[in-house]
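Notes follow the structure.
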Amino acid sequence: MKKPASVQAFGQHLRRLREGRGWSQQALADAADITKKTVYRMETAQTVPTLDVLVCLAEGLEISLAELVTFPAAT
């Protein structure tokens, strides 16, 4: 993993987006047509999402892909 801080920052951003909607990890997984385990692993920076998964997340959250991948850097 080349940029672990970025992966962690993305996970935190994804969690904020999910919690902002009042969704569980399962609810996001269902909306994005991915597994709950995938959501958990992204939020905890255990995995780097593929482009396909990013598109599914953006569609599930009903936001643009740009909004999904625009987040503050980890501090």
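So the values come out like this:
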item	result
Complete set of residues in region 1-26 that are touching a residue at least 60 places away in the same chain (Cβ under 8 Å), of a type outside the set (A, V, I, L, M) and either closer than 19 Å to Leu65 by Cβ or in contact with a strand residue (DSSP E or B) (Cβ under 8 Å, 6 or more places away or on another chain) (or both)	Ser6, Phe10, Gln12
Selection within region 13-59 - surrounded by fewer than 16 Cβ atoms within 10 Å (Cβ to Cβ) and under 15 Å from Ala73 (Cα atoms)	Arg16
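Values quoted throughout were computed directly from the atomic coordinates according to the rules given, and no laboratory measurement underlies them. Worth saying up front: this structure is predicted, and the values here are computed from it rather than measured. Cβ coordinates were reconstructed from backbone atoms using ideal geometry, including for glycine residues, and neighbour counts include every protein chain displayed.
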